[in-house]
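Report on the following structure.
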Amino acid sequence: MNLFQSIMEQLLNGLRTGSIYALIALGYSMVYGIAKMINFAHGDVIMVGAYALFMGMTALSLPLPVAIIFTIVVCAVLGIAIEKVAYKPLRNASSLAVLITAIGMSFLLQSLALIIFSATPIPFKSIISMKGIKIAGVDIPGITIITLVVTTAIMVALTLFINKTKAGSAMRAVSEDRGAAALMGINVNRTISMTFAIGSALAAVAGILYICQYQSITPTLGALPGIKAFVAAVLGGIGSIPGAMVGGILLGIVESMSKAYISTELADAIVFGVLVVILLVKPSGLLGKLKAEKV
Amino acid sequence: MKNERNKFTKGKIINIVIAVLIYILIMAALNGGMLSRQMSSLLVPICVNVMLAVSLNLITGFLGELTLGHAGFMSIGAYAGSLLTIYLDLPMYVEFIIAILVGGAVAAFFGFLIGVPVLRLRGDYLAIVTLAFGEIIKSVINVIKITNGAKGLNDIPSYSTFRNFTIVYILVILTIILIVNLVNSRHGRAIRSIRDNYIAAESVGIPVSKFKVMAFVISAFFAGVAGVVYAHNVGIIKPTTFDYNKSIEILVIVVLGGMGNIRGSIIAATILTLLPEMLRGADNLRMLIYAIVLIAMMLFNGSGAKERLISSKYFPKFLKRQKGVE
């Protein structure tokens, strides 16, 4: 029974981290699907979100719901701004050029945060004060419940949005064939901006959940979850929405299991090792579609 | 072929003369005491960065693939070389040369290990897998015993400080000559053809896989050599020295110098090593400047602003000469 409890607890931990990764991975995947680029700066949007929430609650002393909305708006606007300034001029450039620009953007956000807030971690008290519950001897902390509920709700809403609404089908159309979509009267620029805004808003939510879990804010806070979420997106097949969800949760569970039962220091190596193995077996990820290249 | 060889002779002589002149200048300044302690301690880091940038340029600039794990190869070389010189008990030069060769060879071996499987991947996927490999290397070094974990290796003999500048300089020149010759050779043209259009290259019978692995192995070898030189200059190495940021720093050098331009890499490596020392005290600003330069550079090159500038009538004519591969 003890072993069962410990495994269940680790599984829940993994599910919690994994669903945060999945939220971030969704942003990577949507942007990749529509703009055919890896937004390396996505991880740092999480960091900006964390600082925005902190500033909203302390400097502006907003009530919690307003502060959360403020955070989401800041990140969405940032996402649009990044796209307009750095990526839009490079729509026709090589993918290498765009990737390097994205890396530059990520560095820019980190060093700006470093200059404004300095490298000292800012302690942050979790905004989630719900009590945990106990089911069949397994402790479920409040933060896990909230995280799972929030991420599930967001994922359902996002799936409905993409599949049922007009804006969602515009997004799918642009990601399938940008030129044809433009001919059908879809405003491509607006659709791309919208994708960046949604992706960054998801990153903001992920950032809030993330700092509730780790309770400290640093300028490089977004780097590791960013890379992990990116790995999750690639794992699930980049460009695929269900793939990002599956990849994120799988990654979280692998990570927490290897932290608990193999070695804390090797956990990262195992996570990346899983990525390498899966990509070698299935180069387009778990749920990704392999495109045949035309000459 | 004969004509081509003649064409290169003049340029080659000029390059050799420049290399020798720079060496004489540096040695004169060093021995004459014209360089401050700070400046002379920068000589070897410049050389290390030149080697790293030139070797990364082979993959990023000439093969056209982005790798984000170059620091991983550097760390493998650094650790392999340092462990050798710590545990071997031979005369200094013998030991150092063995360390250089072994460090490079071990890094090249890992380059092969990584190069073969990632052949199935291209572009973004390849970039992320090399990043993953870099991180795996870092965490494994952090865990295993012989590398002394997170504490790193101390007491590495200082064989490549500025007092032994000659050997470092020879290594740099050798690296440059080998890579330039490779790039201008038949193999080099094959590598460049893969960058320009791998489907076309494949269809004219170029073994794409073979040349990709070759580029990876050679690049890893020189990154390993650079790691050995780095370790024997600093004396202490830790796994965190060779993180993702180091890989990005090398990438910035290559991009700033111009992808596929060796001379550019050398100049950019020199400037970007000297610049932070000039801006001492503004270390936070350094990263900001790096980031802005990187973005500005890509926007300028990629968005067509460069073409418009060159074709506008305000652009001085003597700069319009088309530049080929160095």
* Structure fact -> Output field shielding_mean for B:138-151 (other chain Cβ, 10 Å radius) holds 2
* Asked: Volume per residue, Å³, of the convex hull around the alpha-carbon atoms of region B:166-258?
  -> 118
* Quick one, can you get me the convex hull of the C-alpha atoms of region A:62-125 expressed as volume per residue in Å³? => 110
* Structure fact -> For chain A the translational diffusion coefficient, Stokes-Einstein from a Kirkwood Rh over Cα pairs at 10 °C and viscosity 1.306 mPa s, in µm²/s, is roughly 81
* Quick one: dipole size for chain A, taken about the Cα centre, charges +1 on Lys/Arg Cβ and -1 on Asp/Glu Cβ, in debye to the nearest 20. => 720
* Asked: Between B:Lys145 and B:Arg120, what length in nm is gained on full extension when 0.36 nm per residue of separation is reduced by their alpha carbon distance?
  -> 5.7 nm
* Share of Cα-Cα pairs in region B:35-244 beyond 24 Å, in percent? -> 41
* Between region B:48-99 and region B:194-259, how many Å separate their Cα centres? -> 10
* **For region A:254-277 versus region A:65-132, the gap between their alpha-carbon centres in whole angstrom** => 27
* **Number of partner chain Cβ atoms within 10 Å, mean per residue of B:194-203** => 1
* Asked: Which loop-located GluC sites (Glu not before Pro) does region A:202-295 contain, where loop means any DSSP state but H, G, I, E or B and the Cβ has at most 13 other Cβ atoms within 10 Å?
  -> A:Glu293
* Asked: Using only Cα atoms, what is the ratio of the radius of gyration of the protein assembly as shown to 2.2 N^0.38 Å?
  -> 1.01
* Hey, what do the phi angles of region A:98-109 turn into as Karplus ³J(HN,Hα) couplings, whole Hz, using 6.51/-1.76/1.60 and θ = phi - 60°, x for Gly and Pro? -> 5, 4, 5, 4, 5, 4, x, 4, 4, 5, 4, 4
* Once you average over the residues of B:286-298, how many Cβ atoms of partner chains fall within 10 Å of each Cβ? -> 6
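As a check on your grasp of the helix formula, calculate [θ] at 222 nm for the protein assembly as shown: sum -39500 (n - 2.57) over DSSP H runs of n ≥ 4, divide by the residue count, round to the nearest 500. Before the final figure, lay out each step's value.
On the way: 24 runs with 446 residues, N = 621.
My calculation for the protein assembly as shown gives -24500 deg cm²/dmol from helical runs alone.
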* Asked: Cα convex hull of region A:1-142: how many Å³ per residue?
  -> 153
* Could you give the angle, 0 to 90 degrees to the nearest 10, between helix A:2-35's Cα long axis and the longest principal axis of the Cα atoms of chain A? -> 20
* So, in Å, what gap is there between the alpha-carbon centers of region A:1-26 and region A:195-225? -> 18
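Here, each number is a calculation from the coordinates, and none is a lab measurement. All values reported here derive from a predicted model rather than from experimental measurement. Cβ atoms come from the backbone with ideal geometry, glycine included; neighbour counts cover every protein chain shown.
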